[in-house]
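The values are calculated or read from the model by the stated rules, or taken from the named source; none is laboratory data. Just so it is clear, the model here is predicted, and its values are computed rather than measured. Neighbour counts run over all protein chains shown; Cβ positions are idealised from the backbone, glycine included.
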Amino acid sequence: MAAGDDSYLNLGAMFEAAWSEKGSAHERVTALYESHRDGIYRFLVAQGLEPAAAQEVTQDVFIDLFVAIQKETPLRSERGWLYAVAARAAVDFWRREKRPIWVELDSSPTPDESLSSREPTPEANALENERLRQIADGLRRLPKEHRLCVHLRMQGLRYREIAKILGVSTSTAAEWIASSVERLRGGSND
Amino acid sequence: MTDHLTREQLLRFLDGELSRSSTARVADHLQSCWACRSSLDQLEGDIANILKAQIQVFAPSIPDPPNPWPRLEPRLAAAQSRPPYWKRAASSMRFVLRPSFAFATTALVAILIFSLVVLPVQPVSAKEVLRHVEVAEAQRSIVTPQQVIRQRVQIRKLLKHSSVELSANVDSWKSGHITYWDSGKDSVGAELQHLYKSFGISSSLPLSNSVLQSWIHLAGSEPKAYRERDGAIDVQVNSDPQGSVPGLQRVTFHVQPSNWHVDSMNLSFADADFEISELDFSVVNKREVPPAVLAILEPPAHPVEPRLAALVPSAPPVNASIYRPVLPNLDDVEVGVRYDLHRIGADLGESIEVSQHTPDAVIVNAWGISSERKAQLASLLDGKPDVRLEFQPPDINSSVAAQPARSVVIPQPPLPQQQPDRRLEQYFGSRDTEENYTRAVLDTSTTLLSHLYALRALAQRWPSNNDPRLSDSSRAELAAMVQDHAREVASQVDELKAELVPLMSGFGYQLKSDAPSGAFASWQDVGVASLGAGKQIDFTLRSLLTTSTSPTSVDAAMPRLQQQLTELDILAKKLLRASAQK
C-alpha cells in the first residue's frame, strides 16, 4: 500500500469497524434468537396469544432488539429487554382482544417425566408431582395481569419495570406479585 | 418492632424491592423474630416450588410452535438501518480517493445529486396553496336559503404504541353559522369534536378551510407545502413544542390541485394520529335534512325543549359562529369507564361509584381507598372526555346516600372464634387446621360474590344484550367484562367445590348430579340467580364455620350445602355459556 494512501486507510479502518459492529449486532441477535426464541414463544403463549401469532411476535421481538442495538439503546440485560418487549406485545394483544384471555395448554399439565425427582419413594414422588401440577394449574388460572407479573419476575424484571409494562403503580405490581404467590401457595396446600 | 411482617413485606425484602431504611428495619426484625424468619423460609420455599412448577409442568405443557422456526437473517437484513452519516462518509471517501474509481465515483455522485434534486417532492408556495383552498371552499359552500351543506367524513384514530385503530363515519351539516355533527354512537367522532371544542375550533365542518386555518394557528409555525409525485399537494405544519396544543407534533393537509379541495387531514399527536378524510360533500335541500337536525340548525325563536335550550344561545352574535356540541352518549362513556375500572380490578367491591350526571358527564366517585389507588384512578381517568373523578365520601344526609349503595363492599371473612359443632373439630383434627380451612373457603366465597355483585351491577345498568343506547364498541366492552366475570365465577365455583366436596363427603354427603335451576335466557338472568345462590351458600358456610349470629349444626348445614353447591355449579356453567352468547 502506498504511503500516500494513509489518509483513506484510516477512513477505511473506520468503515471496516462500522461494518464489523453491524456484523457483531447480527451475530449477537442471531445467537440470542437461537437460545431464547423458544422461551419467548412459550412466554407469549402463556399470556394468551395463539401459537401462530406468538411465533410471529417472537420474531418481531428479536428484530426490535436488533434495531435497539443498532441505535445504541442502553440495555441493562438483553434477556430482560426481550421479555419486557414481549410482555408489551402481550398487553397490546389483550387490549386489542376484547374477550377473555385463555391460556391453552396441550393437556392437563403434568410434571415432565424426563426430569429426575429427588423424592425418596414413589408415593412421595406422586405427592410432589400432584403439588407441582396444582401450582401449574394455579398459574394458568391466575388473572392474566397477575400471571404476567409472576412470569416477568421470574425473568428478573424489577417491580417498577413490570409496573411500567402494565401501566400500573409499582405498589400495585408488588401487591399482584405477592397475592399471586399467596394464591399459588394456597393451591399447593389444598 | 412488635408487629409481624406481612407476606408482601417479606417478598419485597427477598426481591430487594424495599428502601434501604426499610430493608435495615426488616433485617433487624428478622434477627429477633423466629416466626417471621420461619415465614421467610416458607416464602422462599413457595417461590422455589412455583419456579419448579413453571419449569417442570407449566412451560412443557405449552404446545410447541406450529411451524419450524424460520431463519432470522433475512429479516435482520431488511431491518438493517443505514450506518450513521460519518460512517457512510468515511466509506465513500475510501472509494473516492482511489484514482481507479474516480470516474465511477463522480458518476455516482452525479446520480446522487440528480436523485436528490429532481426525484423528491417539490416545494411549492404554502401561501399560494392556502389562498386557492380558501377560494375553492368559498365557491363550493354557496347555498340558497333553502339549502344546507352536508359533509360526511371518516375519522380514524391510530394509537401509536399499540397498533390499535378506531374509526367512525361522521355526518355534519352546516347552515349559516350553525354546524351540527352527528357522531352517532362511535366515540372517535365525539372525541375529535371534543378536541376541536377544547381548542376553540368550533362552528366548522370537520374538514374545512376554517379548520385548516385554526390548526395552522394552533401549531404556531409556518406551513410548508410540497407537491407529491402524483401531483397532489401536502401542506405541513410542525407544531411548536411550546405551542398551545400539548402533545401536538404535526398537522398535515392533503390538497387536490385539480379543484383545490382539502380531501384529508392528519393531526399527529405524541400518542395517536387522527386522520380525517372527506367521503362526501354536498349541498342539499332542507327537505332532505332529518327534522331533528334541522331543528338544531334552525332553532325556534324560543326554545321548546329544555335539553336543546342549553345548547342554543338566545342571541347569537351576528358574525360569530355558534358551536353546538352533540351531547355525549353517557351510556357509552359509562361502559368505557367501567371497562377501565374492570381492567384494574376496581369493580370488585371497592367503594367506587359510577353514575351518570346528565346531560354531559359520568362521575366516578371513590372514597375510603388508599392514596396509591387514588393516584391510579386519576392516571386512568384524568383527561377522559366527559368523565369526572371525585373523592367524596357520600353525604349521609343526601337522598342519594339514603338509597342502597350501588357499589357493594364485600365483607371480609371473620375469623372463627368458637366452635359451633364439635364434630367439625374432630373432622379437622385441630383448631388451626379448621381455622385455615375456614379462611380459605370463605375467601373463595368472598371472591365469588365480588364477581357476582359486579355482574349484577352490569345487569342492572344494561338489562338487555342489544341495548340500543350502546354503540358496537361499548357492547363489545360490556361483553368482555361479562365474560371475564363469568369465567372467574366458574373458576371460583370449581375452587369452592374442591374445598367443600371433601368436607361434605366426610359427613356422608355427595354433590348431586343435577338439581333444578330454572330456565334462563340471558347472562343478566343467570347472573342474578347465581348471586342468589352464592349468597345462600356464603350464609350457610358462615353459619357453620364461624361465630355467626345464626349458627347451624353439621346435620342442618350439610344437606343445604349439597343442594346449594349443586345448584351454584349448574348456574356457573350456564352463566359461562350465556356470557358467550352474542
Count - residues of the stretch A:117-175 that are acidic (D, E) and touching a Phe, Trp or Tyr at 6+ places or on another chain (Cβ under 8 Å): 1
Tabulated pairs, the stretch A:25-45, first without any contact (Cβ under 8 Å) to a residue 24 or more places away in the chain and farther than 16 Å from A:L75 by Cβ, second of a type in the set (A, V, I, L, M, F, W, C) and not in a helix (DSSP H, G or I), C-beta under 7 angstrom, 6+ apart or interchain: A:T30/B:L72; A:R42/B:I62
Matching entry among A:I101, A:I165, A:I135 (being within 26 Å of A:P51 (Cβ to Cβ), within 22 Å of the chain's Cα centre (by Cα), aliphatic (A, V, I, L, M) and modelled with pLDDT under 85): A:I101
Count of the stretch B:460-507 residues which are in contact with a helix residue (DSSP H, G or I) (Cβ under 8 Å, 6 or more places away or on another chain), among the small types (G, A, S) and within 11 Å of chain A (Cβ to nearest Cβ): 7
Residue list for the stretch B:241-260, filter: in contact (Cβ under 8 Å) with a residue 40 or more places away in the chain, at negative phi and in a loop (DSSP other than H, G, I, E, B): B:S244, B:V245, B:P257, B:N259
Residue satisfying condition, being closer than 17 Å to B:I62 by Cβ and not aliphatic (A, V, I, L, M), within set A:R183, A:R147: A:R147
Test: residue in the stretch A:41-61 that is outside any helix (DSSP H, G or I), outside the structural domain of A:R158 (by TED's automatic domain parsing) and in contact with a His (Cβ under 8 Å, 6 or more places away or on another chain): yes
Subset of the stretch A:33-92 [farther than 16 Å from A:L166 by Cα, of a type in the set (K, R) and surrounded by fewer than 19 Cβ atoms within 10 Å (Cβ to Cβ)]: A:K71, A:R76, A:R79
Set B:L424, B:L448, B:L377: member being modelled with pLDDT of 75 or more, hydrophobic (A, V, I, L, M, F, W, C) and touching a strand residue (DSSP E or B) at 6+ places or on another chain (Cβ under 7 Å): B:L377
Answer residue from the stretch A:166-185, given it is of a type outside the set (A, V, I, L, M, F, W, C) and facing chain B (nearest Cβ under 7 Å) and is farthest from B:I369 (Cα to Cα) among those: A:R185
Selection count where residues are more than 7 Å from chain A (Cβ to nearest Cβ) and modelled with pLDDT under 90, scope the stretch B:46-69: 3
Tally of residues being surrounded by 15 or more Cβ atoms within 10 Å (Cβ to Cβ) and modelled with pLDDT of 85 or more across the stretch B:499-521: 8
Any hit, the stretch B:74-89, residues being modelled with pLDDT under 65 and either in contact with a His (Cβ under 8 Å, 6 or more places away or on another chain) or surrounded by 16 or more Cβ atoms within 10 Å (Cβ to Cβ) (or both): yes
A:M14 vs. criteria at pLDDT below 85, outside any helix (DSSP H, G or I) and over 20 Å from the mean Cα position of the chain (by Cα): no
Residue within the stretch B:222-244 that is of a type in the set (G, A, S) and buried (at least 18 other Cβ atoms within 10 Å of the Cβ) present: yes
Segments classed as helices (runs of 4 or more DSSP H), wholly inside the stretch A:141-190, with at least 3 members that are among the β-branched types (V, I, T) and closer than 24 Å to B:E495 by Cβ: A:170-188
